[in-house]
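Working notes, structure below.
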Amino acid sequence: MASPRSFIWSRRIFLTLLTGFVLLPVYVMISSSLKPLEDVSGKFRWMPSGLTIQPYFDIWKTVPLAKYFWNSLIVAGAATVCSVVIAVFAAYAVSRYQFRGKRVFTVTVLSTQMFPGILFLLPLFLIYVNIGQSTGIALFGSRGGLILTYLTFSLPFSIWMLIGYFESVPRDLDEAAMVDGCGPLKALFRVVVPAAIPGIVAVAVYAFMTAWGEVLFASVLTTDATRTLAVGLQNYSTQNDVYWNQIMAASLVVSIPVVAGFLLLQRYLVAGLTAGAVK
């Protein structure tokens, strides 16, 4: 049965308005990044009087953006790898084995997502400082401390999500692999993991995006040497001036890894989210 013309036109108008609402900030960001500073600092104009790509060269000189980029890449990459590896083992154990406290563990992992991140800021700060004073292990102001912090947020959700996905993988595959002589670990890596690639990719994308754009903990637990991109963008604002064109240019450059990764892994991400949600 064909939809009424009124419904079709209403849907088109709504989708057009929604698309414009989404693309309008992107246009403002791109156009502002191509304007001279005097044009951006004055009254906003929808159509720039002149275009220049100089801000894209100046962003690397005004602040040490390359160092911030490297710090973010190390922290986000390490947090993603650790989160995926730990979540794979934990989710496989929960989905395939029965043990005492299994339900309590699953509920506890999921319940950690109810607490706001700012609740853990002061406790983690005090723990890192005390560990550094008592053992000499520098967690505060280091990349390792920031990686450990991001694991506390991404790991519970990653475990919970992979549990649902591993449950959708037939256990007959594990049994068939063990009949052929594989142990539990070989069955995991040779059978279950290849079948769960979409779910693992979805978890990896979530963990990377969580660490890449995080601001609160990075602004407190880092120093000038370990500052990440999300915090380093604030340095384009000084007491005398705000380099709006460079902020917009740097924001676009920062977004490239996440957008490119999302586009490349979109097929796996959608499959992982849907298959992990329905058993």
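The values are calculated or read from the model by the stated rules, or taken from the named source; none is laboratory data. All figures in this text were calculated on a predicted structure; none of them were measured in a lab. Every residue, glycine among them, receives a Cβ derived from its backbone with ideal geometry; neighbour counts consider all protein chains shown. Calculation scope for accessible area: heavy atoms of the full protein, side chains included, ligands and nucleic acids excluded. Shrake-Rupley method; radii C 1.70, N 1.55, O 1.52, S 1.80 Å.
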Counting only residues that are hydrophobic (A, V, I, L, M, F, W, C) and open to solvent by less than 50 Å² (accessible area, probe 1.4 Å), which one in the stretch 129-141 is farthest from THR106 (Cα to Cα)? VAL129
Residues that are part of a loop (DSSP other than H, G, I, E, B), at negative phi and open to solvent by less than 70 Å² (accessible area, probe 1.4 Å), drawn from the stretch 62-110: VAL63, PRO64
Filter the stretch 142-157 for residues that are touching a Ser or Thr at 6+ places or on another chain (Cβ under 8 Å) and open to solvent by less than 40 Å² (accessible area, probe 1.4 Å); which is farthest from PHE120 (Cα to Cα)? SER142
Considering only residues that are without any contact (Cβ under 8 Å) to a residue 40 or more places away in the chain and outside any loop (DSSP other than H, G, I, E, B), which ones fall in the stretch 41-61? GLN54, PHE57, TRP60, LYS61
Being without any contact (Cβ under 8 Å) to a residue 40 or more places away in the chain, surrounded by 16 or more Cβ atoms within 10 Å (Cβ to Cβ), over 17 Å from the mean Cα position of the chain (by Cα) and farther than 30 Å from ASP58 by Cα, is that true of even one residue in the stretch 158-167? no
Go through the stretch 177-257 and tell me which helices (runs of 4 or more DSSP H), entirely inside it, have 2 or more residues that are at pLDDT 85 or above and of a type outside the set (Val, Ile, Thr). 197-212, 216-221, 229-232
Inside the stretch 168-199, the number of residues satisfying the requirement of being out of contact with any helix residue (DSSP H, G or I) (no Cβ under 6 Å at 6 or more places or on another chain), β-branched (Val, Ile, Thr) and surrounded by 14 or more Cβ atoms within 10 Å (Cβ to Cβ) is 2
Taking the stretch 112-128 and keeping only residues that are at pLDDT below 80 and either of a type in the set (Lys, Arg) or open to solvent by less than 70 Å² (accessible area, probe 1.4 Å) (or both), one is left with THR112, GLY117
Go through (1) outside any helix (DSSP H, G or I); (2) open to solvent by 60 Å² or more (accessible area, probe 1.4 Å); (3) of a type outside the set (Val, Ile, Thr); (4) under 12 Å from TRP244 (Cα atoms) one by one and return the number of the condition GLU38 breaks. (1)
Go through the residues of the stretch 192-215 one by one and say whether even a single one is touching a Gly at 6+ places or on another chain (Cβ under 8 Å) and closer than 14 Å to ILE147 by Cα. yes
Looking at (1) in contact (Cβ under 8 Å) with a residue 24 or more places away in the chain; (2) farther than 24 Å from VAL192 by Cα; (3) part of a helix (DSSP H, G or I), which one does GLY141 not meet, given that it meets all the others? (3)
